[in-house]
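The values are calculated or read from the model by the stated rules, or taken from the named source; none is laboratory data. Please read these numbers as outputs of a predicted model, since none were measured by experiment. Heads up, the Cβs are rebuilt from the backbone with ideal geometry, glycines too, and the neighbour counts pull from every protein chain shown. Please note that ligands, DNA and RNA were not included when accessible areas were found on the heavy atoms of the full protein model with its side chains. Shrake-Rupley method; radii C 1.70, N 1.55, O 1.52, S 1.80 Å.
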Amino acid sequence: MTQADTDDVAGVTDATDVSDTAGTTAGPVVRRAIRAALRPAPWRRGPLLTALALLLGLTLRLHAGIPNRIGNLGSLVETFLPWFGLFVPVLLAGALWRRSASAVVALLLPVTVWLNLYGGLLGDRSQPGGDLTVASHNVGAANPDPAGTARALAASGADVLALEEVTPQDRDTYEKGLAKAYPHHTVIGTVGLWSRLPLSDTRPVDLRTDVGPLARTRPAGATTAENRALRTTVATEHGPLAVYVAHLGSARVNPRSGFWTDSRDRNAKALAEAVAAEPNERVVLLGDLNGTMDDRAFAGLTSQLHPVQDAVGDGFGFTWPASFPVARIDQILVRAVEPRSARVLPSTGSDHLPVAAAIDW
């Protein structure tokens, strides 16, 4: 036998030894894992964790069936529905600590449902292009620096800019600060629209509301409610575009009434009726709607208009509160135009973040 033959035999022997060793080591480990999984004890541990995991999954899957009869519970859950996913790692940690196989398996339900609902929102869905950029910002009645906010918005690059919560005291500041960038503008009540393109057919929209949280900004002697919505036509090179600006009533959480949304829901219904009666096929709605588009209260609007953030945004696009955003209540919705991108703009002196979107025809 030559030296080469001897080396070949040794190599085969060594490989066989390694394979046998690996098999000898891995075999018992696999067998022990299978035996452990088949034991009844891990499946009996943590029944409460298992029940909570299933309840979480059912809440995510059947949220539309949660009744609003008691404190608008259904709307409250839907407002913060994406955050329910945070319960998954908490329950998983508990399941691993209790060594509960049943709880781990039960968590597959909420994970699957959450990913089905929101998995598509985790990445950047924006596309290049866009003929027109629209933006919206609740500038805040208590904004300490309206002039700085006006400068930031003028530099945003938006062609059409909607403002909500424009107080009588700050209106002149915004008009002066935005005049150079936007030659056309209209203000009705506490909402306004600034545009690089001509505006026409501007009129208030009746939201069937009162002044609400802006009551303290009401001029002395005023006897009528401030208007909080308008409709106008923007003249684009592709034809007329109907633009609505709205600031719906606030939502409040308190121990007595739960999630109070009466004025907001009434406003949303009135706004949906106005959009339904709009003769122009192309529509953009900009505003602080004081609610997320998961909330059933906006079904009348979302059945006619499409939220741009869901289609072409980056992430969830939360806008409120500005210091630590937990919900997107500042919205851009469209009909018969093609959204290309949506983004949240940098913070100003307001407690809301501005939002912007590029649209195409």
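Want the number for Ala277 to Asp262: 0.36 nm per residue separation, take away the alpha-carbon distance, what's left?
Here the segment from Ala277 to Asp262 would lengthen by 3.1 nm.
Accessible area, 1.4 Å probe, largest first: how do Trp194, Trp97, Trp320 sort?
Values: Trp194 0, Trp97 200, Trp320 95 Å².
Correct descending sequence by accessible area is Trp97, Trp320, Trp194.
I need the shape label for the range 138-211. Rule: rounded when a/c is under 1.5, else prolate if a/b > b/c, else oblate, with a, b, c from the alpha carbon gyration tensor.
Note, shape of the range 138-211 comes out oblate.
Can you give the accessible area of Val344, probe radius 1.4 Å, in Å² rounded to 10?
Near enough 50 Å² of accessible area.
How big is the accessible area of Val245 in square angstrom, nearest 10, if you roll a 1.4 angstrom probe over the protein chains?
Near enough 0 Å² of accessible area.
Can you list which of the chymotrypsin sites (Phe, Trp or Tyr not before Pro) found in the range 43-83 are DSSP loop residues with at most 10 other C-beta atoms within 10 Å?
none
Out of residues 5 or more away from Glu338 or on other chains, whose amide H comes under 5 Å of its own, with H placed 1.01 Å from N in the peptide plane?
Asp360, Trp361
Using the Karplus curve 6.51 cos²θ - 1.76 cosθ + 1.60 with θ = phi - 60°, what ³J(HN,Hα) values do you get for each residue of the range 133-147, in whole Hz, with x for Gly and Pro?
Each residue's phi maps through the Karplus curve to give 10, 10, 9, 9, 8, 7, 6, x, 5, 9, 4, x, 9, x, 5 Hz.
Share of Cα-Cα pairs in the range 36-168 beyond 18 Å, in percent?
70
Across the range 311-361, what fraction of all alpha-carbon pairs, as a whole percent, falls in each successive 10 Å bin from zero upward?
All Cα pairs, binned at 10 Å, distribute as 26, 50, 21, 3 percent.
Provide the per-residue ³J(HN,Hα) series for the range 327-336, in order, calculated from phi with Karplus coefficients 6.51, -1.76, 1.60 and θ = phi - 60°, each as a whole number of Hz, with x at glycine and proline positions.
After applying 6.51 cos²θ - 1.76 cosθ + 1.60, I find 8, 9, 10, 9, 10, 10, 10, 9, 9, 6 Hz.
When the chain is fully extended, how far beyond the present Cα-Cα distance does Ala299 get from Asp314, taking 0.36 nm per residue of separation?
3.1 nm
Express in nm, to one decimal, how much length is gained between Val105 and Arg171 on full extension, taking 0.36 nm for each residue of separation and deducting their alpha carbon distance.
Going from the current span to full extension adds 18.0 nm.
Please calculate how many Å² of accessible area the range 251-361 carries per residue, with a 1.4 Å probe and no DNA, RNA or ligand atoms counted.
Spelled out: the 1.4 Å probe surface of the range 251-361, per residue, equals 40 Å².
So how do Phe298, Phe318 rank on accessible area, 1.4 Å probe, biggest first, that is with the largest at the start?
On the way: Phe298 0, Phe318 50 Å².
Output order, biggest surface exposure first: Phe318, Phe298.
Ordering His184, His306, His352, His63 from largest to smallest accessible area (1.4 angstrom probe), what's the sequence?
His306, His184, His63, His352
How many Å² of accessible area per residue for the range 59-128, probe 1.4 Å?
58
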